[in-house]
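Peer 1: Encoded as structure tokens, here's the structure I'll be asking about.
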Amino acid sequence: MSLQRISVIGAGAWGTALAILAQRAGRDVTLWPRRAEQADALRGARENAAYLPGVPLDPGLHIETDLARALDADAVLYAQPAQHFRGFCRNAAPLWKGAALVIAAKGIECETGALLNEIAAEALAAAPVVILSGPSFAAEAARGLPTAVALAGDRADLVEALMAALAHGAFRPYGSDDPIGVEVAGAVKNVLAIACGIVLGKGLGENARAALITRGLAEVTRLALAKGGRAETLMGLAGIGDLILTCTSLKSRNTSLGFDLGQGKPLAEILAARRSVAEGVTTAAAVATLAARIGVEMPIAGAVHRILAEPAAIDDEIRALLARPLKRES
Ligand SMILES: NC(=O)C1=CN([C@@H]2O[C@H](COP(=O)(O)OP(=O)(O)OC[C@H]3O[C@@H](n4cnc5c(N)ncnc54)[C@H](O)[C@@H]3O)[C@@H](O)[C@H]2O)C=CC1
Ligand SMILES: O=C(CO)COP(=O)(O)O
């Protein structure tokens with residue numbers, strides 16, 4: 001199977017980086033920005049000055065505003081925020097021409113607690129789905145710095161074809177047959193990154209952050225297992241790999257948002273000062289809904305959810321986490 005025509009939905013930092021990477025890998029690439037003004041700006045500047053400044057766009061990159069034309073591809077990579085995924089599926093369903101759908105967003109639907117692959121199965125059933133996740137800051141990947149990601153799906157032929165279509169130079173996709181584990185890992189790490197940012201912002205130290213990452217890994221593993229994923233996936237790129245990247249760098253939008261919260265800034269002020277998405281904010285609520293529904297204990301994600309609703313509760317939440325009953329590590 002050859003996947004030559006690749007379309008990318010969403011011209012934020014990640015969508016633009018993926019389009020650049022696919023083009024470098026020799027694919028024929030179309031980038032679909034949501035807004036016509038953004039398309040004009042990209043065509044004019046041949047750079048995404050708003051979301052990925054400093055990385056030139058190759059003249060061969062097609063900028064397309066017509067969704068039907070963009071969907072006429074071998075693979076469509078979804079790289080808009082997770083909360084808009086259902087709307088995308090609904091708009092795309094009548095226009096779908098048989099492409100594979102690659103979900104590159106990292107999040108869980110806030111209102112329902114649904115994973116994005118579950119939404120795709122409901123709202124875009126015609127599309128075979130692959131999840132793309134892993135430790136990958138868009139700015140580094142787009143600059144050609146070494147980056148490895150997981151591509152996970154039930155169809156091995158499709159996963160392998162996508163790996164071949166996207167791999168180039170220092171960009172290395174690894175295959176996986178655990179899309180649920182990979183998706184859960186990528187979504188929940190954003191919530192855990194907010195927790196790590198809070199700890200750093202409050203000056204609680206690096207011991208505390210290491211403990212949070214480790215206990216966070218334990219709770220995301222419980223959720224992945226409960227959803228049908230596999231524990232070893234959490235030890236891979238989408239799990240521990242992305243936790244290491246995101247939770248240890250203030251380049252992460254989620255960690256830096258948590259840092260600002262820890263420093264006492266109001267959430268509304270933090271969000272108002274940003275153009276970029278921090279998926280952990282909405283995914284925290286989604287994880288709380290999902291974990292309660294399926295009976296998975298997720299104390300760190302639960303604390304982040306309550307802090308986002310009431311930032312003044314940070315100290316109480318930290319005290320409560322530290323006062324939990326002592327238990328065995330496993
Ligand atoms: N930036 C990164 O380094 C990486 C991001 N991701 C994931 O990719 C997804 C997209 O993130 P970024 O590209 O970073 O976003 P961004 O923060 O760079 O840009 C915001 C994006 O949101 C879109 N948007 C805003 N309002 C919207 C609406 N009403 N409907 C549809 N789209 C709307 C914008 O068009 C833009 O594409 C997220 O799920 C993120 O977690 C995954 C890996 C790396
Ligand atoms: O997912 C990412 C890196 O793998 C990007 O993280 P942030 O969205 O927190 O910046």
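Peer 1: Identify the single condition in (1) within 16 Å of ligand 2 (Cβ to nearest atom); (2) assigned to a helix (DSSP H, G or I) that A22 does not satisfy, given that it satisfies every other one.
Peer 2: Looking at each condition in turn, A22 falls short on (1).
Peer 1: Quickly run through the stretch 25-54 and pick out the residues that are more than 16 Å from ligand 2 (Cβ to nearest atom) and either of a type in the set (G, A, S) or touching a residue at least 40 places away in the same chain (Cβ under 8 Å) (or both).
Peer 2: Listed by number, the residues that qualify are A25, G26, R27, T30, R34, A36, A39, A41, G44, A45, A49, G54.
Peer 1: Quick one: which of A152, A167 is crowded, with 23+ Cβ neighbours inside 10 Å and either touching a Pro at 6+ places or on another chain (Cβ under 6 Å) or among the aromatic types (F, W, Y) (or both)?
Peer 2: A152 is the lone residue from the list that is crowded, with 23+ Cβ neighbours inside 10 Å and either touching a Pro at 6+ places or on another chain (Cβ under 6 Å) or among the aromatic types (F, W, Y) (or both).
Peer 1: Only one residue in I318, I307, I314, I300 is over 26 Å from E118 (Cα atoms), under 24 Å from the mean Cα position of the chain (by Cα) and part of a helix (DSSP H, G or I). Which one? Don't jump to the end; show me each part of the working.
Peer 2: Details: I318 fails: under 24 Å from the mean Cα position of the chain (by Cα); I314 fails: under 24 Å from the mean Cα position of the chain (by Cα); I300 fails: over 26 Å from E118 (Cα atoms).
Exactly one residue qualifies, and that residue is I307.
Peer 1: Show the residue pairs meeting these rules: Cβ distance below 8 Å; 6+ apart or different chains; first residue within the stretch 265-283 and in contact (Cβ under 8 Å) with a residue 40 or more places away in the chain and over 27 Å from V184 (Cβ atoms); second residue in a loop (DSSP other than H, G, I, E, B) and away from ligand 2 (no atom under 11 Å from the Cβ).
Peer 2: R275/A50; R275/Y51
Peer 1: I've got another one for you. Of the residues R306, R253, R293, which single one is out of contact with any Gly (no Cβ under 9 Å at 6 or more places or on another chain) and either surrounded by fewer than 18 Cβ atoms within 10 Å (Cβ to Cβ) or of a type in the set (D, E, K, R) (or both)? Give the derivation first.
Peer 2: Details: R253 fails: out of contact with any Gly (no Cβ under 9 Å at 6 or more places or on another chain); R293 fails: out of contact with any Gly (no Cβ under 9 Å at 6 or more places or on another chain).
Testing whether each residue is out of contact with any Gly (no Cβ under 9 Å at 6 or more places or on another chain) and either surrounded by fewer than 18 Cβ atoms within 10 Å (Cβ to Cβ) or of a type in the set (D, E, K, R) (or both) leaves just R306.
Peer 1: Continuing with the same structure: How many residues does the stretch 1-29 contain that are surrounded by fewer than 24 Cβ atoms within 10 Å (Cβ to Cβ) and more than 12 Å from ligand 1 (Cβ to nearest atom)?
Peer 2: Final tally of qualifying residues: 11.
Peer 1: Regarding E297, is this residue touching a Pro at 6+ places or on another chain (Cβ under 7 Å), under 22 Å from K189 (Cβ atoms) and modelled with pLDDT of 95 or more?
Peer 2: Values: touching a Pro at 6+ places or on another chain (Cβ under 7 Å): no; under 22 Å from K189 (Cβ atoms): yes; modelled with pLDDT of 95 or more: yes.
In short, no.
Peer 1: For G54, which of the numbered conditions (1) under 24 Å from L145 (Cα atoms); (2) at pLDDT 95 or above; (3) away from ligand 1 (no atom under 11 Å from the Cβ); (4) touching a strand residue (DSSP E or B) at 6+ places or on another chain (Cβ under 7 Å) fails to hold?
Peer 2: Evaluating G54 over (1) under 24 Å from L145 (Cα atoms); (2) at pLDDT 95 or above; (3) away from ligand 1 (no atom under 11 Å from the Cβ); (4) touching a strand residue (DSSP E or B) at 6+ places or on another chain (Cβ under 7 Å) leaves (4) as the failure.
Peer 1: Further, regarding this structure: Does any residue of the stretch 44-53 turn out to be among the polar types (S, T, N, Q), crowded, with 22+ Cβ neighbours inside 10 Å and farther than 25 Å from I244 by Cα? Working first, answer last.
Peer 2: Pass one, the stretch 44-53, residues among the polar types (S, T, N, Q): 48.
Right, trim to crowded, with 22+ Cβ neighbours inside 10 Å and you get 48.
This time we only want the ones that are farther than 25 Å from I244 by Cα, so: 48.
Yes, the stretch 44-53 has at least one match.
Peer 1: Hey, another quick one. Considering only the stretch 96-117, I want to know if a residue exists there that is outside any loop (DSSP other than H, G, I, E, B), over 19 Å from the mean Cα position of the chain (by Cα) and either away from ligand 2 (no atom under 16 Å from the Cβ) or at pLDDT 95 or above (or both).
Peer 2: no
Peer 1: Would you be able to say whether some residue in the stretch 260-280 is among the β-branched types (V, I, T), in a helix (DSSP H, G or I) and within 16 Å of ligand 1 (Cβ to nearest atom)? Let's see the steps before the verdict.
Peer 2: Initial filter on the stretch 260-280 (among the β-branched types (V, I, T)): 270, 277.
From what's left, in a helix (DSSP H, G or I): 270.
If we keep only those that are within 16 Å of ligand 1 (Cβ to nearest atom) as well, we get 270.
Checking the stretch 260-280: at least one residue is among the β-branched types (V, I, T), in a helix (DSSP H, G or I) and within 16 Å of ligand 1 (Cβ to nearest atom).
Peer 1: Can you find even one residue in the stretch 174-182 that is part of a helix (DSSP H, G or I), more than 16 Å from ligand 1 (Cβ to nearest atom) and among the acidic types (D, E)?
Peer 2: Scanning the stretch 174-182, I find no residue that is part of a helix (DSSP H, G or I), more than 16 Å from ligand 1 (Cβ to nearest atom) and among the acidic types (D, E), so the answer is no.
Peer 1: Still on this structure, I have one more. Give the residues of the stretch 110-142 that are within 12 Å of ligand 1 (Cβ to nearest atom) and in contact with a strand residue (DSSP E or B) (Cβ under 7 Å, 6 or more places away or on another chain), sorted by residue number. Walk me through it before giving the result.
Peer 2: Residues of the stretch 110-142 within 12 Å of ligand 1 (Cβ to nearest atom): 116, 131-142.
Selection gives L116, I131, L132, S133, G134, S136, A138, A139, E140, A141, A142.
The values are calculated or read from the model by the stated rules, or taken from the named source; none is laboratory data. These numbers were taken from a predicted model, which means no experiment stands behind them. Note that we place each Cβ from the backbone using ideal geometry, even for glycine, and neighbour counts take in every protein chain shown.
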